[in-house]
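Below: the structure, in structure tokens.
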Amino acid sequence: MTTLNKQSILYTTLARALSMKRPHNGEGTQRLTDWLEDAAIIIRNTKYPHIKIHRDRIGNLHIDARRAINNRTLFTAHVDTVHRDAGPNKIRKTNTHWHAEGAPLGADDGAGVAMLMHLLHSGVPAYYLFTQGEECGGIGATYVADHDFELLADFDRAVAFDRRGIDSVITHQGYGRCCSDVFAQALANELCADMTLMYSPDDTGVYTDTAEFTGIIPECTNISIGYNHEHSDRESLDITHFILLSQSVSYRDWE
């Protein structure tokens, strides 16, 4: 059985994120963002001294781990959840799934947050954006789109890990297209290259932060990360899929 290594940044971040309720502007989002920044500083100081870290005026955490001008990938995940109050969050774990206990699990998008930290720790050269307020209408992403056009113009692709299920590469969000079918199919093919995952283009996306960047970044998408029944006390995370995806994304050539 594929299991999470409890010493890994993937497990540590996931457990940390899901252990607390994180309503926008609440104590949980502040604590998690602080922890992510501290973890990124440790990664910079011990492994990758080129990394640059800052927060913008609205509280988004920016981590620039690009090594060259041709590193043109932006990864995003949001730190907030739909919880209405702050405090500890209960988790029930099995060998294959983590389950909510009485409130949303928060894998939307704690799982995406953990995946970004895993990619950062693995040395994938890209720009990492941890946003605030996605569940309140994309507050953090909208701020970046309105105030950091020159930054966003540096990227050819924006990739979120914030889609339910185990097989979607999203081509449409809300009322419009966010990436081309050619890009989505190519990305799906890469993710499925070792035949342990089964991704394909999906035009039924709803919304995540990358939707705010479609007028600036040519290819914007959202990848299924394994949660289901989000926003409810039936939310669960498919840990087997989550681990397989983490293995696939960490050694892909995102350029």
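The values are calculated or read from the model by the stated rules, or taken from the named source; none is laboratory data. Just so you know, these numbers come straight off a predicted model, no measurement behind them. Note that we place each Cβ from the backbone using ideal geometry, even for glycine, and neighbour counts take in every protein chain shown. What goes into the accessible areas is simple: the full protein's heavy atoms, side chains included, and nothing from ligands, DNA or RNA. Shrake-Rupley method; radii C 1.70, N 1.55, O 1.52, S 1.80 Å.
Overview of values
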read-out: Selected residue (criterion: most open to solvent (accessible area, probe 1.4 Å)) from residues of region 24-47 that are in contact with a helix residue (DSSP H, G or I) (Cβ under 8 Å, 6 or more places away or on another chain) and assigned to a loop (DSSP other than H, G, I, E, B); value: 47
read-out: Checking residue 183 against (1) assigned to a helix (DSSP H, G or I); (2) surrounded by 24 or more Cβ atoms within 10 Å (Cβ to Cβ), the condition it does not meet; value: (2)
read-out: Checklist (1) in contact with an Asp or Glu (Cβ under 6 Å, 6 or more places away or on another chain); (2) of a type outside the set (Lys, Arg); (3) closer than 19 Å to residue 210 by Cα applied to residue 103, failing item; value: (3)
read-out: Count - residues of region 186-211 that are open to solvent by less than 60 Å² (accessible area, probe 1.4 Å) and touching a residue at least 60 places away in the same chain (Cβ under 8 Å); value: 5
read-out: Neighbours by Cβ (under 9 Å, 6+ apart or cross-chain): first from region 136-157, surrounded by 21 or more Cβ atoms within 10 Å (Cβ to Cβ) and in a loop (DSSP other than H, G, I, E, B); second of a type in the set (Lys, Arg) and at pLDDT 95 or above; value: 155/72
read-out: Inter-residue pairs, beta-carbon under 6 Å, first under 13 Å from residue 22 (Cα atoms) and in region 108-120, second modelled with pLDDT of 95 or more and part of a helix (DSSP H, G or I), 6+ apart; value: 110/17; 110/18; 113/17
read-out: Residue in region 239-248 that is touching a residue at least 60 places away in the same chain (Cβ under 8 Å) and open to solvent by 30 Å² or more (accessible area, probe 1.4 Å) present; value: yes
read-out: Checklist (1) touching a Ser or Thr at 6+ places or on another chain (Cβ under 7 Å); (2) surrounded by fewer than 18 Cβ atoms within 10 Å (Cβ to Cβ); (3) not acidic (Asp, Glu) applied to residue 21, failing item; value: (2)
read-out: Any hit, region 222-238, residues being farther than 22 Å from residue 93 by Cβ, open to solvent by 30 Å² or more (accessible area, probe 1.4 Å) and in contact with a helix residue (DSSP H, G or I) (Cβ under 9 Å, 6 or more places away or on another chain); value: no
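Rundown of residues vs (1) within 22 Å of residue 98 (Cα to Cα); (2) free of Cβ contacts under 8 Å to residues at least 40 places away in the same chain, yes/no style:
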{"residue": "6", "(1), (2)": "yes, yes"}
{"residue": "9", "(1), (2)": "yes, no"}
{"residue": "24", "(1), (2)": "no, no"}
{"residue": "43", "(1), (2)": "no, no"}
{"residue": "47", "(1), (2)": "no, no"}
{"residue": "50", "(1), (2)": "no, yes"}
{"residue": "54", "(1), (2)": "no, yes"}
{"residue": "67", "(1), (2)": "no, no"}
